Amino acid sequence: MRGKSGMKVIPASDSSLLIVLGSAISPELHARVIGLFRALRAKQDPRIRNLHPGYTSVLVDFDPLQISHHELTTVVEQSTSAVGSQDEYRSKVVSIPVCYDVELGPDLVDLANYAKTSPEEVIRLHSSATYLVHFLGFSPGFAYMGGLPEKLHMPRLATPRGHVAGGTVGIAGSQTGVYPVDSAGGWRLIGRTPWRMFDPNADPPTRLQPGDTVRFSAIDRASFGAMAQP
Amino acid sequence: MPIRVKTPGMFSTIQDLGRYGYSHLGISPAGAADRLSLRIANLLVGNQENAPALEMTLLGATLEFDEPRIVALAGADCDAIVGTSAVRPGEAVAVPAGGMLKCGGMRTGARSYLAVQGGFDVPVVMGSAATDVRGGFGGLEGRRLKAGDLLPVRDGRSTRARRLKPGALDAVYRHDTVRVTRGAQQEWFGPEAFEVLFSCPYSISDQSDRTGLRLKGEVLRPREQSQLLTDGIPLGAMQVPQDGQPIILFVDQQTTGGYPKIANVIMADMHHIGQLRPHQQVRFHEVSIPQAITLLKEQERWLQDAFVP
């Protein structure tokens, strides 16, 4: 384990390093995590097999027959010093169309009651905030986003639903997200996007990438039908 | 001519050595649960070691061949026969035109790999032919095999079957111990937790599958219950959820998790994880990271040397 500018390099396994850059979630730390992730990705080093940002860390999975933990630590340190200030951090803005509707988002009214407000105000709050994609995980294309207005924080369902349709937008605690594919799920459902969030044959296969900025824009049922992707 | 699936077995999927470079998009590595056996099966029929092959779990498939084809099994012995002749893991055999390969149940080990000369001809998705069942892509239509499926195969006439040296497989499969290094959150656990992990046996829950092996045994407790901020998970990480019963995250794992990782299976022993059966007991031995890498290098040298030149 070596330290540099508060960075901790932890050998997580015989073929990975966990680079921990801080201890609390913040936009500044997010920018550093994404900066390091992008700097390492840009190297296109065939010895690195996977790179995975988390809230405060980047996991580097590599082939130990081709590069040692020690050598890789040096590569990471060089990349860290190459990461510029937050001003240079560029984020792609993705505006996701969402039809907020009780048929597509059956918990919309429950969430409004819980927040002691109207469904219209839930929609206004959810579609006026700006969200950061911290990382993807859970299932292909599932983005963990920060930035949900506090008024909309609501615990997940006590019993998850057996089936949630792909594209459904939900809330769990302080998080909001879009189910990329049909799955089971315990989030509070408030609407659905007509977009396909994950397509294994597309390049890139997911709509969202770590580091993206996300906004949701409200659309009506007619637009939802017109924009629906098979 | 494709190979016809008469019966699919318990859970059979097309796999290769896995899908890398996409975990940041939430995409698991997938690939063979026992990558070493898949490599051996492919090398036996003269394929590239990464060629798409069939992974069968606990109960094998029955396949019908319209054309003659050299095939090989590796991994768990599934009492396979072609006609009336037994097919042992570790040897290549010729299936005649109209022949039937019948694979049965596995008594030791959990997974058997079938390689066919030329390899199965399935589309490469994100750099790999591996089936991702959770994501529904890769392999044959992103799913397990069912009766009536037709498995397309590539032309394999230019490849040459190989033989293993006598006794080459003797030391490859162990079914009682798995070696681990300490994990990313090792500091969350005190010496008592490690003493329990390295001295008590754990049994494999029948809730285990390719996403993870759930272990049952002595409870492991972190020094204090605090919340870990979700981070990326290495293959083979052993995480400890609140109930203290560890879970080994496996080839179809979620790519992120929020539980502390006490240990990590070493790469040289990952194939053992793929061969563990429900209710089986296993013990964990600690090695250092340099030892783990030495063991991996030895395994690679062994594989290069295992075949008759």
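Quick look at the values:
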read-out	value
Count of residues meeting criterion [within 10 Å of chain A (Cβ to nearest Cβ) and farther than 20 Å from B:I40 by Cβ] in the stretch B:255-279	7
Any hit, the stretch A:84-104, residues being in a helix (DSSP H, G or I), open to solvent by 60 Å² or more (accessible area, probe 1.4 Å) and closer than 20 Å to A:V58 by Cα	yes
Enumeration of residues in the stretch A:31-66 that are crowded, with 19+ Cβ neighbours inside 10 Å and in a loop (DSSP other than H, G, I, E, B)	A:G54, A:Y55, A:T56, A:P64
Conditions (1) among the polar types (S, T, N, Q); (2) buried (at least 17 other Cβ atoms within 10 Å of the Cβ); (3) not assigned by TED's automatic domain parsing to the domain that holds A:P11; number of the one not met by A:S79	(3)
Which listed residue is over 28 Å from B:M267 (Cβ atoms) and of a type in the set (K, R), from B:R35, B:R69, B:R39	B:R69
Every pair of residues 6+ apart whose Cβ atoms lie under 6 Å, when the first sits in the stretch A:181-203 and is in contact (Cβ under 8 Å) with a residue 60 or more places away in the chain while the second is part of a loop (DSSP other than H, G, I, E, B) and open to solvent by 40 Å² or more (accessible area, probe 1.4 Å)	A:L189/A:P106; A:P194/A:A228
Subset of the stretch B:47-79 (residues that are surrounded by fewer than 24 Cβ atoms within 10 Å (Cβ to Cβ), more than 19 Å from the chain's Cα centre (by Cα) and in a strand (DSSP E or B))	B:T62, B:E64, B:F65, B:R69, B:I70
B:N264, sole failed condition from (1) surrounded by fewer than 20 Cβ atoms within 10 Å (Cβ to Cβ); (2) assigned to a strand (DSSP E or B)	(1)
Positions within the stretch B:101-142 being part of a loop (DSSP other than H, G, I, E, B), within 30 Å of B:G83 (Cβ to Cβ) and charged (D, E, K, R), in sequence order	B:R107, B:D121
Evaluation of B:D252 against (1) among the charged types (D, E, K, R); (2) without any contact (Cβ under 8 Å) to a residue 60 or more places away in the chain; (3) within 13 Å of chain A (Cβ to nearest Cβ) (one fails), failing number	(2)
Complete set of residues in the stretch B:12-26 that are in a loop (DSSP other than H, G, I, E, B), at the interface with chain A (Cβ under 7 Å from one of its Cβ atoms) and in contact with a Ser or Thr (Cβ under 6 Å, 6 or more places away or on another chain)	B:G26
Counted residues, the stretch A:148-163 - those being closer than 25 Å to A:D212 by Cα and either touching a residue at least 40 places away in the same chain (Cβ under 8 Å) or aliphatic (A, V, I, L, M) (or both)	3
So B:V153, is it among the β-branched types (V, I, T), over 24 Å from B:L295 (Cβ atoms) and more than 14 Å from every other protein chain (Cβ to nearest Cβ)	yes
Condition broken by B:Q185, with the remaining ones in (1) out of contact with any Ser or Thr (no Cβ under 8 Å at 6 or more places or on another chain); (2) under 18 Å from B:D269 (Cβ atoms); (3) open to solvent by less than 50 Å² (accessible area, probe 1.4 Å) satisfied	(2)
Pairs with Cβ under 9 Å, 6+ apart, first in the stretch A:110-137 and assigned to a loop (DSSP other than H, G, I, E, B) and crowded, with 20+ Cβ neighbours inside 10 Å, second of a type in the set (S, T, N, Q) and at pLDDT 95 or above	A:G137/B:S23
Number of the condition not met by B:G90 [criteria: (1) out of contact with any helix residue (DSSP H, G or I) (no Cβ under 6 Å at 6 or more places or on another chain); (2) open to solvent by 50 Å² or more (accessible area, probe 1.4 Å)]	(2)
Residue count for the stretch B:188-203, restricted to those that are within 25 Å of the chain's Cα centre (by Cα) and either open to solvent by less than 40 Å² (accessible area, probe 1.4 Å) or over 11 Å from B:V282 (Cα atoms) (or both)	4
Tabulated pairs, the stretch B:44-69, first over 19 Å from B:A33 (Cα atoms), second charged (D, E, K, R) and in a strand (DSSP E or B), C-beta under 7 angstrom, 6+ apart or interchain	B:T62/B:K6; B:T62/B:K102; B:L63/B:R4; B:L63/B:K6; B:E64/B:R4; B:E64/B:K6
Residue selected from the stretch A:1-59 under the condition more than 7 Å from chain B (Cβ to nearest Cβ) and polar (S, T, N, Q), by the criterion farthest from the chain's Cα centre (by Cα)	A:S5
Matching entry among B:V95, B:V87 (being more than 24 Å from B:L276 (Cα to Cα), modelled with pLDDT of 95 or more and either more than 14 Å from chain A (Cβ to nearest Cβ) or within 19 Å of the chain's Cα centre (by Cα) (or both))	B:V95
Test result for A:H69, within 22 Å of A:Q175 (Cα to Cα) and either within 7 Å of another protein chain (Cβ to nearest Cβ) or over 18 Å from the mean Cα position of the chain (by Cα) (or both)	no
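Quick grid of which residues meet (1) assigned by TED's automatic domain parsing to the domain that holds A:V98; (2) under 24 Å from A:F37 (Cβ atoms); (3) not hydroxyl-bearing (S, T, Y):
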{"site": "A:P149", "(1), (2), (3)": "yes, no, yes"}
{"site": "A:M154", "(1), (2), (3)": "yes, no, yes"}
{"site": "A:G173", "(1), (2), (3)": "yes, no, yes"}
{"site": "A:D182", "(1), (2), (3)": "yes, no, yes"}
{"site": "A:I190", "(1), (2), (3)": "yes, no, yes"}
{"site": "A:P200", "(1), (2), (3)": "yes, yes, yes"}
{"site": "A:T206", "(1), (2), (3)": "yes, yes, no"}
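Yes/no matrix, rows are residues, columns are (1) open to solvent by 90 Å² or more (accessible area, probe 1.4 Å); (2) not assigned by TED's automatic domain parsing to the domain that holds B:I70:
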| residue | (1), (2) |
| --- | --- |
| B:F137 | no, no |
| B:E141 | yes, no |
| B:R144 | yes, no |
| B:P166 | yes, yes |
| B:L169 | no, yes |
| B:V172 | no, yes |
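The values are calculated or read from the model by the stated rules, or taken from the named source; none is laboratory data. Because the structure is a prediction, the values reported are computed rather than measured. No Cβ is skipped: glycine too gets one built from the backbone with ideal geometry, and neighbour counts run over all protein chains shown. Quick note on the areas: whole protein, heavy atoms, side chains included, nothing else; ligands and nucleic acids left out. Shrake-Rupley method; radii C 1.70, N 1.55, O 1.52, S 1.80 Å.
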